[in-house]
Amino acid sequence: MKNRVGMRVKQVGLVLLGMSAASGAAAESGVGDFFTQLIKPLRIQIDAHAQNRTDVRDAITPSHVHQATQDLIAEIEILREAMGIFDYPAEAEPQEDRSPIHVYSKSLEVMQKIAWVQRRLGILPVKVGQIPVKNITPKDVFASVEILILEIRRLKAQLVIEDEINPAPFVGGKTPSLVFKSLADASFLLDGLVGRPLSPSDVFTHIMHVHDEMELVAAKLKTTLELDLPIVEGRKRPTEVAQQALRAIFKVINLQTRLGMDASGVPNLTLVRVTPAELYEAANIMLAEMVRVKAHLGITLPREERRDARNKRPRDVFAELLLVIRNLDILAKAAADQAG
């Protein structure tokens, strides 16, 4: 097994040195033909994987989605082994009160990390996209997870990794919270391939996405949001940032109540050992809940695309959260005024 892994790692090294399937040098050396032959059967395998699930597509349950996430984890583990990634990733905490839209948002986090890995390896990255403005169902999450599997297999094909997974068995009785935890485990596994964990800059960018969604809601409610970040002095600890994130989540739920929506419960958010991963997850919750608000108000416009933020610190994230909280109060007042 070690020899096989060593051979694959050498092949990965060749790819990283520029021997991609699309390069002229690879084509001249015959590597391009090898890739073509490898990708072809892999595509057949992907089609067969999808076909095997066709009979359940009209009645997808969280158990079917959980089965797909187990296949995803197995694919990532093969990729990690072949690339010599032997770190000990964090394990996700048990989850509660997760709904399909939260799980879909988590799948986009995994997709973002896959895109970072692809970009790092010089491969055209997958487009991450946004949460659809609709009632998200397990069928929608299932479709997103299958894209994740396809993209990991595309990475394997590009890196000449031939090992295949044993498809996960179907086990009933799974919940969205269990699916969420499985996707969170997949996200942590990808950190070793990305080469870094999530950072304050990633969290800052994600919270800006929340603010962009709020701008669309403000236009619908005929109000104007503040745009200037408040000035924050001194350093801010991650726990202080997490406290503001939790405040913001409660503000979103207050807005939903003012709009006459069925407000979501607050998924568990630890304030004990806070890392950028937990803060990113808090931003995920806010983003998912703002999309629910958009759907309630009939807003179909997508938010604007943004460049990733750079060189942000916890203090910057703290300030962005304060701005979000201020503007959620503005939105709640506008909602109350319209209702009154």
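Bear in mind these aren't lab numbers, they're just calculated from the coordinates by the rules spelled out. All figures in this text were calculated on a predicted structure; none of them were measured in a lab. So basically every Cβ, Gly included, is an ideal-geometry build from the backbone, and we count neighbours across all protein chains shown.
As an exercise, use a Förster radius of 25 Å and the Cβ-Cβ distance of Phe86 and Thr275 to find the FRET efficiency, rounded to the nearest 0.05. Write out the running numbers ahead of the final one.
Details: r = 21 Å, r/R0 = 0.85.
Efficiency computed from Cβ-Cβ geometry: 0.70.
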Cα→Cβ-extended label distance, 7 Å offset, between Phe170 and Phe250, nm: 4.4 nm
³J(HN,Hα), Karplus 6.51/-1.76/1.60, whole Hz, each residue of segment 273-280, x for Gly, Pro: 10, 8, 10, x, 5, 5, 5, 4
Residues of type lysines that Lys236 reaches as a straight line, Cα spacing below 23 Å, ignoring anything fewer than 8 places off in the same chain: Lys251, Lys312
Of Lys222/Lys333; Lys174/Lys294; Lys139/Lys174; Lys106/Lys127, pairs whose Cα-Cα distance is over 23 Å: Lys174/Lys294
